[in-house]
Structures are given as structure tokens and as C-alpha cells.
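Reading through the C-alpha cells given below for one structure.
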Amino acid sequence: MAPVPPGVRFLFTFNKDQWYRAFTFILTFLLYTSFHLSRKPISIVKSELHKNCSMASELATANGGGASQLPALISLHTDMDCSWKPFDKNNYKQLLGAMDYSFLFAYAIGMYLSGIIGERLPIRLYLTVGMLCSGLFTCLFGLGYIYNIHSLAFYVSVQVANGLVQTTGWPSVVTCISNWFGKGRRGLVMGVWNSHTSVGNILGSLIAGSYVSSNWGMSFIVPGIIIAAMGVVCFLFLIEHPNDLKTMHAQSSSPVGRGGDEEPLLGRETAASGRVPLQQVVVVKSEAEPSAISFMGALRIPGVIEFSLSLLFAKLVSYTFLFWLPLYITKAAHLDAKKAGDLSTLFDVGGIVGGILAGVISDKLGKRATTCAVMLLLAAPTLYGFSMISQFGLGPTVAMLLVCGGLVNGPYALITTAVSADLGTHKSLKGNARALSTVTAIIDGTGSVGAAVGPLLAGVLSAGGWDQVFYMLMTADFLALLFLLRLVKKELTSSKSRPISTVELKEH
């Protein structure tokens, strides 16, 4: 057989490496899509948990019922077609907000711990367990409908448990994707990859919307089954780091004995003599293995604190839309739950475009903070316009949903992906890539505090009118911008700044 030319061997090796990289990109994309797919149903089901029961009196009149029959008819209407206890009271917005808060607060607290734990455990196993548990708790929420459970404590407890286990996802997938993709074109790669957030929201809206009017329990059970199934896929196929491939290839090509057993670790002569030199025992543990970074050590990385605080307010805005936009559209546009859920997916479509644009622009300019700041500056007045646009019809509303989605989710997407990866592989770490999980968890955990506060404030403020909610969101955008100003100034005055896209794409 003729030898393979060197050029062909190089081409084959290059294509094989690229194939593994593309496979990891697609797999981690699908894994985190399932996380967001399982979070979205609660926002769709809210309008079903509390429905407008004001038609009960009209029902009584239409049936010729007198005043004595009205209470019975109202009760019948409530039980058959109206709100789900305990969300049938006038304080339903506060109760729904508390349910959001229980999930997001647990998520924020758990995130700080998750990154530290994730550095010390195999990513594949850690992520698998988290996805299986998340599937379980998502299904449990839906079983509340199947088994006619009306206890607020039950739903809050399930949300807290689900919030904790879902923290296994983000640090794991960001660390894995960053292991496979170097700094070159990271903004573009991460921008495209981060569209899993919006894709998951869209799919979650469509799945939940198809069941919400007939059996809202299935709006949770189906996504729960999906994320659990993806957890099994993760266990079977995820490759954490390119070095794992080298290890597998080395093991498969290692010499074997005649009987099929591996050669002994010690030489034959040493084993026969019964003498074990001390140095042969010492080298079992590699001193080159980097140690995990401490929490305070991660905070000392330049830019971590500023981006974390900025993300706190940027994620506050994004998650308020995530949890409350369908209900707002239901009330403002007088649509049913399914139509409002379908319309809200346009916000996520805009988010996909915004995240990709933010990545491309920041790559081209080499200025992550400046890119985020410009989008945040434009987002605040756009939010005000969106609050005024619903009265002008469906067309303008659709356009503003797309624009708002891009400007709101663009900075959020850039900070949680490319910025986190940049900081997690900062030169001050001297190549210690194990710090990436902790840095990612600190940034996203701080952002998750805002994600917990935003929906809770929306539930309280919306009782006095939706205008107050939008004023809160605009204020949050300006605060997110404020925390980036020092980094923006540094980027604009730095003579060393150059486009990131010129850096050679390489693994790290």
C-alpha cells in the first residue's frame, strides 16, 4: 500500500480536529438550549394560572340567573374556566413574582458555589447529574396540575430545587466550549453559540403554548423529559477538552502484552527484584496540573467586578422580559396565552441577532466593554418606545419586539460568553484554564441576582401600572452602562487596542 503523502495526512488531521470542534459546538448548543427550554414554560403558563374572571356576571345574565344564583355561577365559572388556586386572588402578581424569585434567587446563590464545585469535578458527570435533576423538578411542577395541587409551598419548593440544580449548566458549557475555541473570532463564535438562549426560549414558548389552554401541566412535563434526555446524551457523547482525545488515542495505541493485558507500570527487572524506587511512586501525580483558583483570586482579575455588576442590571432587564413579557402582551394587546407566547418569541429572535452582532463588532474593534455600553445606551430609549407602541397596532409592536430583543440581549450575551471566556483565560492566570469555571460562575451568578430581583420588582410595580415596570427597566440599563464606563475609557484611550479578529485562532 502506497504511503499517504504528508499534505494529505495534514489535511486529514485538520479535518478531524475541526469535526470534533464542530461536534462540541453543536452538542453544547443543544444542551443549553434544553436548559432554557425548561425555564420558559412558567412565563407562558402565568396567564393561565390567573385568568380574567370578570365575565362570570355576564354568564349569569345570559343564562337568566337572578341575584341569588350569581355566587354559584361565579364559583362554577372559576372552577371550570378561570384561575388556578392559590393564584386566584387579587395579589396574584405578587405570588407569581415570588415564584419567579424563588427560582432565580436559588439560581443566583447556587451559581457562586457551582463554579467552584465544577472546577473540581468532571464536567461531563457534573452536567449530566444537573440535567437529570432539572428534568425531574420541571416535571414535578407540571404534576401539580395532574394531581390537582393548590399549595403555594409546593410550587415554590420545586422552583427553589430546580434553580439550584440548573446552576450546573452555564459554568460547564462555557468552560467546555472555551476549551475547544481559542481567542480568535471568539466574539463571533460565542455570539452564534449563545443563540441557544433564544432558541431555547422560542422552543419552550411553542411547546408550552401548545398545551397551555388544555393541560398546562404538560407545558412543564414535556420540557422536563427533553432536558433529562439531553442529560443522557451529554453523558454518552460530551468531550470536555481536546486533550481528552489525545489521552484516548494514547490509551488505544499503548502496547499490550501477549495475553491482552497492559504492560506493568514498573519495568520487568524492577518488578522481579521486588525493589520499588521511591521516585517511580512520586511521579504518579503530575505537578504540572494547575490548582483551582480561589473566589477572591478570581475577583482580582481585572474587569471581573465591573462586568459582573454591569451584568447584574443587564440580566435584570433580560429576565424581566423572559418571565413577564407574555403576560404583558396578554393584557396590553388583549390576546390569549398562546398568541401572546408566540408573539413574545420575536423578542428572542431579536436577541439572537443582537448577540451575534455584539460578538462580531467587538471582535472587529477589539473593545468588548465599548460594544456593550453603546447597546445599553440605545436600549433605554427603545424600552420607553416599546411601552408606548402597543396602542399603534400589531405591526409596530412586532418591529419594537425585534429591536428591543437585540439591544437588551446583545450586551447580556456578550458578557456571559466572550467576556467571561476572555477573563477566565486572562494573562494574569498564566495559563490556568481551570479558573474559567469559577470566573464564569462569579459573573453569571452576580447577573443572576439581578435576574432574581427584576421579575420580583415587576410583580410588585405592575400592580400600579406597567409604566412603572418600564421605568425600572430603563433605570437598570443606565446603571449597567455606568459600571462599564471605566473600562470603556480604558479601551478608548489604550494605544495597544487592536481587533481581536487578527489574533490567530488557537486552542488553549
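Every number here is computed from the coordinates shown, using simple stated rules; none is lab data. All values derive from a computational prediction rather than experimental measurement. Methodologically, a virtual Cβ is constructed for each residue, glycine included, from the backbone with ideal geometry; neighbour enumeration extends over all protein chains shown.
Full extension of the chain between Ile305 and Lys89 gives 73.6 nm of extra length, using 0.36 nm per residue less the Cα-Cα distance.
Can you give me the Cα centroid spacing of segment 471-494 and segment 116-146 in angstrom? For segment 471-494 versus segment 116-146, the Cα centre distance is 35 Å.
You can think of it this way: the chain between Leu482 and Leu113 has 130.1 nm of extra reach, that is 0.36 nm per residue less the Cα-Cα gap. Working from Cα pairs under 8 Å separated by at least six residues, relative contact order for segment 134-235 is 53 percent.
On full extension, the segment bounded by Phe235 and Leu377 gains 46.9 nm, given 0.36 nm per residue less the C-alpha separation. Projecting label points 7 angstrom from Cα along Cα→Cβ for Ile146 and Leu125 puts them 3.1 nm apart.
Checking the Cα-Cα distances for Lys315/Lys338; Lys93/Lys315; Lys40/Lys338 against a 19 Å cut-off, the pairs over it are Lys315/Lys338; Lys93/Lys315.
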